[in-house]
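J.: The structure's right below; bear with me while I get my questions together.
The values are calculated or read from the model by the stated rules, or taken from the named source; none is laboratory data. Not measured: the values here are computed from a predicted model. So basically every Cβ, Gly included, is an ideal-geometry build from the backbone, and we count neighbours across all protein chains shown. Please note that ligands, DNA and RNA were not included when accessible areas were found on the heavy atoms of the full protein model with its side chains. Shrake-Rupley method; radii C 1.70, N 1.55, O 1.52, S 1.80 Å.
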Amino acid sequence: MTKRIISFAVVTVLLLVAIFFSATTGSVSMGLGEFIRALFGEQNADFAVIKDLRFPRIIIAIFAGAALSVAGALLQAVMRNPLADAGVIGISAGAGFMSMFIITFLPTLFFFTPLFAFIGGALACFLVFALSWKSGLEPMRLILVGIAISAVFTGLREAFIMICGYMNVTIDGSFTSNMTMKTWTEVEIMVLYGTVGLVLAVLLVKWCNLLTLDDKTVRSLGFPLMTARIVIAAVAVLLSAIATAVAGVISFVGLLIPHIARRLVGNDYKYVILFSMLAGALLILIADTLGRTLVAPQEIPASTLMAIIGGPFLIFLLRRGDRAK
């Protein structure tokens, strides 16, 4: 209990510190006192720049991190697989391709991009389930099929970009997984759909806990097992889709954070989901801030930093699974 409380307190404080650091560090910088005074109404030209340019990307980074982390936790509950992650198994790639396609040819439907991203992510998720299932979901098969599905959608995305280039059709720059120049309109989309998905995830914690039990035990309790899996997977796809539609394809967040959460707050999904929200928001915000400041004025996309961190972590989990056998 004490460890759980300390973990929640530490990650909350770190998130607040990261928000302040991200807001006040860069080409335009402010001190703590100056920032607080401007936040409560004092006129400040630097704060106006921060408000319009940095606050949107900070909010998007926080919601994207929370959404992807919780999506990973939900997928791991549904698949009973510690390696399940929206980026690794192709859901993000499917969502990203569909988002790009819709916003390129139907820009008037921009506000509904997450819904089309959801369709793309759901299609990828269905393909992974269908092609991986063989008397259960074996972890290695799931990863291999997921990587293949991700490669297919990534290939379609690259082909789409090339074809549009030949046709002189402009591709929206928001699909580079770089959070530069995000607007308050995109913040509205992220907050609206992201909040819906996160609230649904919190409401599903009891179902997630039941899915940790053996299938026969769960069915004997009269629990609608298949319905629960479909609903939880749908919420996970929704969260992945909104994060991908607004922030781009970012992998490994849903792989890293739930593992850390279980070590620090236990296996009860009531705590895993809440901790994953905070820790995921912290991780992506730090990645975005570092990417923006390390080689300024150039930027390193948050997705690149996450790939550098997440790739070795995936290898570690695979090797540990092999040793466990």
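J.: Just to confirm my numbers, what's the Cα centroid distance between segment 11-29 and segment 58-94 in Å?
T.: Cα centres, segment 11-29 to segment 58-94: 24 Å.
J.: Further question on the same structure: What figure, in Å² to the nearest 10, do you get for the accessible area of Arg229 with a 1.4 Å probe and non-protein molecules left out?
T.: About 40 Å², rounded to the nearest 10.
J.: How much length is gained on full extension from Phe111 to Leu39, taking 0.36 nm per residue of separation minus their Cα-Cα distance?
T.: Extending this stretch completely gives an extra 23.0 nm.
J.: Let me ask you something else. Treating only the Cβ atoms of Lys and Arg (+1) and Asp and Glu (-1) as charged, compute the dipole magnitude of segment 1-135 about its Cα centre; round to the nearest 20 debye.
T.: 480 debye
J.: Per residue, how much accessible area does the chain show when a 1.4 Å probe rolls over the protein heavy atoms, in square angstrom?
T.: Roughly 47 Å² per residue, with all protein chains present.
J.: Expressed as a whole percentage, what fraction of the accessible surface of segment 177-315 belongs to carbon and sulfur atoms when a 1.4 Å probe is rolled over the protein heavy atoms?
T.: Accessible surface attributable to carbon and sulfur in segment 177-315 totals 71 percent.
J.: Picking from Val88, Val202, Val235, which is most flexible by a Gaussian network model of the chain using Cα springs under 10 Å?
T.: With Cα springs under 10 Å in the chain, the top fluctuation among Val88, Val202, Val235 is at Val202.
J.: Give me the base-10 log of I(q)/I(0) for segment 36-103 at each q in 0.12, 0.18, 0.20 Å⁻¹, Debye formula, one uniform scatterer per Cα, rounded to two decimals.
T.: Taking Cα atoms of segment 36-103 as identical point scatterers yields -0.54, -0.78, -0.86.
J.: Please determine, in degrees from 0 to 90 and to the nearest 10, the orientation of helix 253-265 with respect to the longest principal axis defined by the Cα atoms of the chain, where the helix direction is its Cα long axis.
T.: Helix 253-265 and the main axis of the chain meet at about 80 degrees.
J.: Can you give the net charge of the other residues whose Cβ lies under 9 Å from the Cβ of Val28, counting K and R as +1 and D and E as -1?
T.: Result for the neighbourhood of Val28: 0.
J.: Can you give the FRET efficiency to the nearest 0.05 for Ala151 and Ile6, using r as the Cβ-Cβ distance and R₀ = 41 Å?
T.: E(calc), rounded to 0.05, equals 0.50.
J.: Relative contact order for the chain: what percent, with Cα pairs under 8 Å and sequence separation of 6 or more?
T.: 31 percent.
J.: While we're looking at this one, here's another question. For segment 80-94, list residues with backbone N below 20 Å from a point placed 7 Å from the Cα of Met162 toward its Cβ?
T.: So the set is 93-94.
J.: In addition: If you average 1/r over all unlike Cα pairs in the chain and invert the result, what Kirkwood radius do you get in angstrom?
T.: Evaluated over the chain, this radius sits at 20.2 Å.
J.: Provide the solvent-accessible area of Phe101, counting protein heavy atoms only and rolling a 1.4 Å probe, rounded to the nearest 10 Å².
T.: 90 Å²
J.: Within the set of other residues whose C-beta is less than 11 Å from the C-beta of Phe111, count the net charge using Lys and Arg as +1 and Asp and Glu as -1.
T.: Net charge in that neighbourhood comes out at -2.
J.: Taking a 1.4 Å probe, which of Lys51, Lys134, Lys182 shows the most accessible area, and what order do the others take after it?
T.: Ranking Lys51, Lys134, Lys182 by accessible area, largest first, yields Lys134, Lys51, Lys182.
J.: Quick one: putting +1 on the C-beta of Lys and Arg, -1 on the C-beta of Asp and Glu, what dipole do you get for the chain around its Cα centre, in Debye to the nearest 20?
T.: Here the size comes out at about 1200 debye.
J.: Taking 0.36 nm per residue of sequence separation and subtracting the Cα-Cα distance, how much length would be gained by fully extending the chain between Leu144 and Leu213, in nm to one decimal?
T.: Working it through step by step, the gained length comes to 22.3 nm.
J.: Here's something else I'd like to know. Which one, Phe111, Ala243, Ile189, projects farthest toward the positive side of the charge dipole computed for segment 1-316 from Cβ point charges (K/R +1, D/E -1)?
T.: Ala243
J.: Report Rg(Cα)/(2.2 N^0.38 Å) for segment 252-325, keeping two decimals.
T.: Normalised Rg, Cα atoms only: 1.28.
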